[in-house]
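**Student:** Here you go, one structure.
A short reminder: the numbers here are calculations on the coordinates, not readings from a lab. What you are looking at is a predicted structure, and each value in this text was computed from that prediction instead of being measured. Methodologically, a virtual Cβ is constructed for each residue, glycine included, from the backbone with ideal geometry; neighbour enumeration extends over all protein chains shown.
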Amino acid sequence: TRPARVWTVIVYLQLPLEGGFTIFPLRGPNGRHRGGKQMAERHDEFKSGLMQHFGGVESEYRRHVSFDRHAVHPFMDLLEESCRGEYGVHFRPERPGGALMFESARRGGSVPNRLNWHAGCNVLEGTKVILQKFKEQPFDARRDKSWHVEYKPM
């Protein structure tokens, strides 16, 4: 929900023993290598359905998409496949301290990079602790200059 986000960094401080991947379902081969035309159509439906949750280009605030965990999600099969590494791209480093950095916006931060929509998979065993850091555009470069946080050091 932060406006003007340009880059995102996720640092894994503690790794789970099993599960806990960060997934990018709209990236990578997207299952097109298996399932042929039917899988390609399913991927396009997923991408279209996900994009409907975002605001328009003028909105710098609607980058967060979440789904009711109790709902029967029409694309749960693809999300589960992504968590198993069978669809899109999944990431979890081999040791603590490993990090992932990706572009949150394109064209100098003016257009959200919606193909980099990501989610966290369930931790199946152990504990996952991550640190997220966001690099945002300088205030003067933002389209919406009305949103800001007052900084008052103590």
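**Student:** Could you compute the net charge surrounding G19? Neighbours are other residues with a C-beta less than 11 Å from the C-beta of G19; K and R count +1, D and E count -1.
**Tutor:** +1
**Student:** Could you rank the peptides 79-91, 128-140 by their average count of other C-beta atoms within 10 Å per residue, with the highest value first? Present the calculation step by step, with values, prior to reporting the outcome.
**Tutor:** Values: 79-91: 18.7, 128-140: 12.4.
Packing order, densest peptide first, comes out as 79-91, 128-140.
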